[in-house]
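Chemist: My structure is below; once you've seen it, I'll send some questions.
The values are calculated or read from the model by the stated rules, or taken from the named source; none is laboratory data. Keep in mind the model is a prediction, meaning the values are calculated, not measured. Here Cβ is always computed from backbone atoms with ideal geometry, including for glycine, and neighbour counts include all displayed protein chains. These accessible areas exclude ligands, DNA and RNA; they are computed on the full protein's heavy atoms, side chains included. Shrake-Rupley method; radii C 1.70, N 1.55, O 1.52, S 1.80 Å.
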Amino acid sequence: MAPDIAALKGERPIVALTSYHAHTAAIADKHCDFLLVGDSLGMVMHGYETTVPVPLDLMIMHGKAVVRGARRALVVIDMPFGTYEESPSVAFRNAARVMKETDCGAIKLEGGRRMAETIHFLVDRGIPVMAHIGLTPQSINVLGGWKTQGRTQEEWAALEEDARVVSEAGAFAVVLEAIAEPLAKRITAAIPIPTIGIGASAACDGQILVMEDMLGLSPRVPKFVKEFGRVGAVIEGAIQSYAEEVRARRFPEAAHTYTMKDDPTPAKPVKKPKSS
Ligand code: KIV
């Protein structure tokens, strides 16, 4: 549950990944403290250029799959663009729908000071909120691109205030995305809730990556991604072998086909007669 994640601050690093479907959720669940059904699924799974077009129903559909796959990790679901910014009551209605329909443990929303009132409103009414500051991809059209935040000292005060205010509003954790390392470290030391870094600092209380990026499945990844696997190459090798075997009529083999019930070939194991 969300308070268990909050309680890990100062105890040990928090491990998290995004997850969008049941089978990878079941694998990641064994190793992660929480799984985020991020709205990055719009780009990673559905080919959108940004996260802006992602609809709430899509988040709910993938959220249900991840909840079915996860056994112990907390499942957090992103509120997509346009479903929470208008007012605290709109945010509550949509967040409650996400919680009721998916059975997830918390929601995440983007924004610092401007979302403080909403965070307080949701937490006060039973919805655990993870905040997200720094590079907030839903605001990409205002930010003007995927830019690292806090690279000049002038930007620090606003980001530090964002972190402090979401913490005071009741968020149980805050994602710091693409924030200059010294600032991410400073924010982590200054607030009582866990910071979850993505392109931030090893000093953050936890780390998160997009699963497809760290597996080596994404065609383009930001500088902050380390590829821990080359799954894309493994998939391509398997598909190439499959195509070759189909074309050469080497697949399917006898082991992959069904015989008739009374077909004597290939030989069935001989049943021993029952001893009388
Ligand atoms: O949508 C997402 O995947 C995220 C992570 C980058 C934190 O918000």
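Chemist: Of the residues 176, 159, only one is open to solvent by less than 50 Å² (accessible area, probe 1.4 Å), touching a Cys at 6+ places or on another chain (Cβ under 7 Å) and either more than 24 Å from residue 74 (Cα to Cα) or within 14 Å of the ligand (Cβ to nearest atom) (or both); which?
Modeler: None of the others qualify; the one that does is 176.
Chemist: For the range 179-223, which positions are touching a Ser or Thr at 6+ places or on another chain (Cβ under 7 Å) and open to solvent by 50 Å² or more (accessible area, probe 1.4 Å)?
Modeler: Selection gives 181, 185, 192.
Chemist: I'm trying to understand the selection: among the residues of the range 1-51, which are hydrophobic (A, V, I, L, M, F, W, C) and either more than 16 Å from the ligand (Cβ to nearest atom) or farther than 18 Å from residue 198 by Cα (or both)?
Modeler: 1, 2, 6, 7, 8, 22, 25, 26, 27, 45, listed by residue number.
Chemist: Scan the range 224-261 for residues that are under 30 Å from residue 197 (Cβ atoms), open to solvent by 60 Å² or more (accessible area, probe 1.4 Å) and part of a helix (DSSP H, G or I) and jot them down.
Modeler: 234, 235
Quick grid of which residues meet (1) part of a helix (DSSP H, G or I); (2) under 24 Å from residue 4 (Cα atoms); (3) of a type in the set (Lys, Arg):
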| site | (1), (2), (3) |
| --- | --- |
| 142 | yes, no, no |
| 157 | yes, no, no |
| 161 | yes, no, no |
| 164 | yes, yes, yes |
| 167 | yes, yes, no |
| 176 | no, yes, no |
| 184 | yes, yes, no |
| 200 | no, yes, no |
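Chemist: What number of residues within the range 35-86 satisfy the criterion of being touching a helix residue (DSSP H, G or I) at 6+ places or on another chain (Cβ under 7 Å), farther than 18 Å from residue 210 by Cα and not hydrophobic (A, V, I, L, M, F, W, C)?
Modeler: Adding up the residues that qualify gives 5.
Chemist: Check off (1) within 14 Å of the chain's Cα centre (by Cα); (2) open to solvent by less than 10 Å² (accessible area, probe 1.4 Å); (3) within 13 Å of the ligand (Cβ to nearest atom) for residue 54 and give me the number that stays unchecked.
Modeler: (1)
Chemist: Here's a follow-up. Within the range 102-121, does at least one residue satisfy the condition of being farther than 18 Å from residue 171 by Cβ, free of Cβ contacts under 8 Å to residues at least 60 places away in the same chain and surrounded by fewer than 22 Cβ atoms within 10 Å (Cβ to Cβ)?
Modeler: Scanning the range 102-121, I find at least one residue that is farther than 18 Å from residue 171 by Cβ, free of Cβ contacts under 8 Å to residues at least 60 places away in the same chain and surrounded by fewer than 22 Cβ atoms within 10 Å (Cβ to Cβ), so the answer is yes.
Chemist: Of all residues in the range 3-41, count the ones that are surrounded by 19 or more Cβ atoms within 10 Å (Cβ to Cβ) and hydrophobic (A, V, I, L, M, F, W, C).
Modeler: Of the residues in the range 3-41, 12 are surrounded by 19 or more Cβ atoms within 10 Å (Cβ to Cβ) and hydrophobic (A, V, I, L, M, F, W, C).
Chemist: Looking at the range 31-45, I want the residues that are touching a residue at least 24 places away in the same chain (Cβ under 8 Å) and have a partner that is more than 11 Å from the ligand (Cβ to nearest atom) and of a type in the set (Gly, Ala, Ser) with Cβ atoms under 6 Å, at least 6 apart or on another chain. Which pairs are those?
Modeler: Between residues of the range 31-45 that are touching a residue at least 24 places away in the same chain (Cβ under 8 Å) and residues that are more than 11 Å from the ligand (Cβ to nearest atom) and of a type in the set (Gly, Ala, Ser), the close pairs are 32/73; 34/73; 35/25; 35/28; 35/70; 35/73; 37/63.
Chemist: Separate question: Is it fair to say residue 95 is part of a helix (DSSP H, G or I), open to solvent by less than 20 Å² (accessible area, probe 1.4 Å) and within 19 Å of residue 3 (Cα to Cα)?
Modeler: Considered against the rule, which asks whether it is part of a helix (DSSP H, G or I), open to solvent by less than 20 Å² (accessible area, probe 1.4 Å) and within 19 Å of residue 3 (Cα to Cα), residue 95 comes out as yes.
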